[in-house]
Amino acid sequence: HGLIFDMKKGFLMIELPSGRALAYPKAAVGEKSWGSQVVEFMGLELNRKWSKLKTYGGKLVENIVQATARDLLAISIARFEASGFKIVGHVHDEVMVERPRVSNGLKEIETIMNKPLDWAKGLNLNSDGFNSPFYMKD
């Protein structure tokens, strides 16, 4: 699905379909206390201390999915701005756009977000929006 895993100068690099890469410094395969393998890399603990962290396939998949969603959102935001929409904020996979009450902007916004990308062929891009005078979850 367009992912490339590579070791470069001690970094586990995961190239995303967008071309952007996730980097895990000083990555290596380690061993859990009960003998199974685990991916280890250097990163920040919750206390902000640089330490050896352990991860697993499911967490790497979560990072890949979240990073890909971020890439999709960043492209949509750039497209909104190019179309004259004013972005007032974004949270995870949501964008808040200020628009005149009389415009048909919501339909245009959904169309922009659903527009296919060359690097995301086959990915079903679907969006829903709503109008509100303030930010809230749908």
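Here are a few things to note about the model shown:
- Residue among Glu81, Glu45, Glu98 that is of a type outside the set (Gly, Ala, Ser), farther than 30 Å from Tyr24 by Cα and either assigned by TED's automatic domain parsing to the domain that holds Tyr24 or modelled with pLDDT of 90 or more (or both): Glu81
- In region 60-68, the count of residues that are surrounded by fewer than 15 Cβ atoms within 10 Å (Cβ to Cβ) and among the β-branched types (Val, Ile, Thr) is one or more.
- Filtered residue count, region 86-108, keeping only those that are closer than 20 Å to Arg70 by Cα and out of contact with any helix residue (DSSP H, G or I) (no Cβ under 7 Å at 6 or more places or on another chain): 7
- Of the residues making up region 75-104, those that are touching a strand residue (DSSP E or B) at 6+ places or on another chain (Cβ under 7 Å) and either surrounded by 14 or more Cβ atoms within 10 Å (Cβ to Cβ) or hydrophobic (A, V, I, L, M, F, W, C) (or both) are Ser76, Ile77, Phe80, Phe85, Ile87, Val88, His90, Val95, Met96, Val97.
- Remark: pairs (first residue in region 55-68, more than 14 Å from Val29 (Cα to Cα); second residue part of a helix (DSSP H, G or I) and hydrophobic (A, V, I, L, M, F, W, C); Cβ separation under 9 Å; 6+ apart in sequence or on different chains) = Thr68/Ala120.
- Gly129 being part of a loop (DSSP other than H, G, I, E, B), surrounded by 13 or more Cβ atoms within 10 Å (Cβ to Cβ) and among the small types (Gly, Ala, Ser): yes
- For region 111-123, the condition of being more than 20 Å from Arg20 (Cα to Cα), in contact with a helix residue (DSSP H, G or I) (Cβ under 7 Å, 6 or more places away or on another chain) and in a helix (DSSP H, G or I) holds for at least one residue.
- The residue that is surrounded by the fewest Cβ atoms within 10 Å (Cβ to Cβ), among those in region 25-45 that are in contact with a Pro (Cβ under 8 Å, 6 or more places away or on another chain) and of a type in the set (A, V, I, L, M, F, W, C), is Met42.
The values are calculated or read from the model by the stated rules, or taken from the named source; none is laboratory data. Model, not experiment: these values are computed from the prediction. No Cβ is skipped: glycine too gets one built from the backbone with ideal geometry, and neighbour counts run over all protein chains shown.
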